[in-house]
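Chemist: Take a look at the following structure, please.
The values are calculated or read from the model by the stated rules, or taken from the named source; none is laboratory data. Everything quoted here is computed from the prediction, not taken from an experiment. Don't worry about glycine lacking a Cβ; one is built from the backbone with ideal geometry, like all the others, and counts go over all protein chains shown. For accessibility, only protein heavy atoms count, side chains too; no ligands or nucleic acids. Shrake-Rupley method; radii C 1.70, N 1.55, O 1.52, S 1.80 Å.
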Amino acid sequence: FIYMYGKLKGYYMIIIFEGIDGCGKTTQANLLKERLKRESIDCTYMSFPSNSRIGRISNEVLSNKVEGIDENQRFCFVIADMLCELYGQFGIVEKLNQGVCIICDRFYLSTEVYQNKVNRDMLQAGRNVIFKDLNEAVIFFIDVSLEQAKGRIETRGKNELYEIDAIQQRVYNCYYEILKEYRNLEKYIIDGNQSIKSIAEQIYGIVKYKLNYSNEKR
């Protein structure tokens, strides 16, 4: 990889971590954030649902803490949260235009796989809107076995709506199908059964190469 000197300015990229619950994406997203900061690269970590008021409501809906909400209604909360984070003041699009790298723990792909009972036309329309201004995006899908993911989930002591064996299996299969539809974005499937350090090095190597390559082109 080309060595990176100083601080990259004027280049942006949104880096998205995806995978079933318990795959280790949050750990890897945070490790990448710390590594990039040590390289003096401007970056911001975000997770979805967000920590905004709408995001907190969305999280309650997804956690089945609000009664009488169907899948289409859940989708509306999720898409509202993402659009606010994209286009609000100091939002994702503004930060990208300022040359900041955005690291996302889950993004729209999660919505498509976890809420695949939503009308497909609605999901496609949502994808078109969400990625309209996100040309430089990279997706890391961390692939782990359902058994390993389940073991990690059980240590959390949580019982969320989507963390059920049958749903996790459906979600796992759905990820691979929908990933194929993201033809215009770079996608990397990472073996999540490796050590945390090995996964982090692999991800960092890809990101560092892309940042250097794109900066050279500019």
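Chemist: If amide hydrogens are placed 1.01 Å from N in the peptide plane, which non-local residues have theirs closer than 5 Å to the one on I20?
Modeler: Residues meeting the criterion, in which the H sits 1.01 Å from N, are V144.
Chemist: So, one more: Could you provide, to the nearest whole Å², the per residue accessible area of the stretch 70-214 with probe 1.4 Å?
Modeler: On the way: 7120 Å² over 145 residues.
Value returned for the stretch 70-214: 49 Å² of accessible area per residue.
Chemist: Counting only residues 5 or more places away or on other chains, whose amide H sits under 5 Å from the amide H of M13 once H atoms are built in the peptide plane?
Modeler: Here the answer is C101, I102, since their amide H atoms fall under 5 Å of that of M13.
Chemist: Can I ask one more? State, to one decimal in nm², a quarter of the convex hull surface area for the C-alpha atoms of the stretch 69-218, i.e. the direction-averaged projected area. Mind dumping the intermediate values first?
Modeler: Details: hull surface 41.2 nm².
The directionally averaged projection comes out at 10.3 nm².
Chemist: Let me ask something else about it. So what is the 222 nm mean residue ellipticity for the chain from helices alone, if each DSSP H run of at least 4 adds -39500 (n - 2.57) and you divide by all residues, rounding to the nearest 500 deg cm²/dmol? All intermediate terms of the calculation are to be shown ahead of the outcome.
Modeler: Values: 9 runs with 111 residues, N = 218.
Dividing the helical sum by the residues of the chain leaves -16000 deg cm²/dmol.
Chemist: Sort by residue number and name the cysteines in the chain that have no neighbouring cysteine Cβ under 4.7 Å.
Modeler: C23, C76, C84, C104, C174
Chemist: Would you tally the net charge around I203, using a Cβ to Cβ cut-off of less than 12 Å, leaving I203 out, and scoring K and R as +1, D and E as -1? Before the final figure, lay out each step's value.
Modeler: Working: positive: K25, K33, R35, K197, K208, K210; negative: D191, E201.
In short, +4.
Chemist: Related question: How far is helix 71-87 tilted off the main Cα axis of the chain, in degrees rounded to 10, range 0 to 90?
Modeler: That helix lies at roughly 20 degrees to the long axis.
Chemist: Let me ask something additional. Using the Karplus equation 6.51 cos²θ - 1.76 cosθ + 1.60 (θ = phi - 60°), what ³J(HN,Hα) coupling, rounded to whole Hz, does each residue of the stretch 89-95 give in order, writing x for Gly and Pro?
Modeler: Rounded to whole hertz, the list is 4, 6, x, 4, 5, 5, 5.
Chemist: List the residues whose amide H sits under 5 Å from the amide H of S50, counting only those 5 or more places along or on another chain, with H placed 1.01 Å from N in the peptide plane.
Modeler: Counting only residues 5 or more places away or on other chains, the set is G55.
Chemist: A further question on this structure: Name the residue from T44, T155, Q115 whose Cα lies farthest towards the positive end of the charge dipole of the chain, charges +1 on Cβ of Lys and Arg and -1 on Cβ of Asp and Glu.
Modeler: Most positive-ward Cα: T44.
Chemist: Quick one: helix 25-38 against the long Cα principal axis of the chain, what's the angle to the nearest 10°, folded into 0 to 90?
Modeler: 20 degrees
Chemist: Which value, to two decimals, describes the C-alpha radius of gyration of the stretch 1-147 once divided by 2.2 N^0.38 Å? Walk me through the numbers on the way to the answer.
Modeler: Details: Rg = 16.0 Å, N = 147, 2.2 N^0.38 = 14.7 Å.
Rounded to two decimals, the normalised Rg is 1.09.
Chemist: Karplus couplings for the stretch 187-199 from phi (6.51 cos²θ - 1.76 cosθ + 1.60, θ = phi - 60°), rounded to Hz, Gly and Pro as x?
Modeler: Those phi angles translate into 10, 10, 9, 9, 6, x, 8, 6, 5, 4, 5, 5, 5 Hz.
Chemist: Further question: Explain nothing, just compute: Karplus ³J(HN,Hα) = 6.51 cos²θ - 1.76 cosθ + 1.60, θ = phi - 60°, for every residue of the stretch 138-146 in order, whole Hz, x for Gly and Pro.
Modeler: 10, 10, 10, 9, 8, 9, 10, 5, 4
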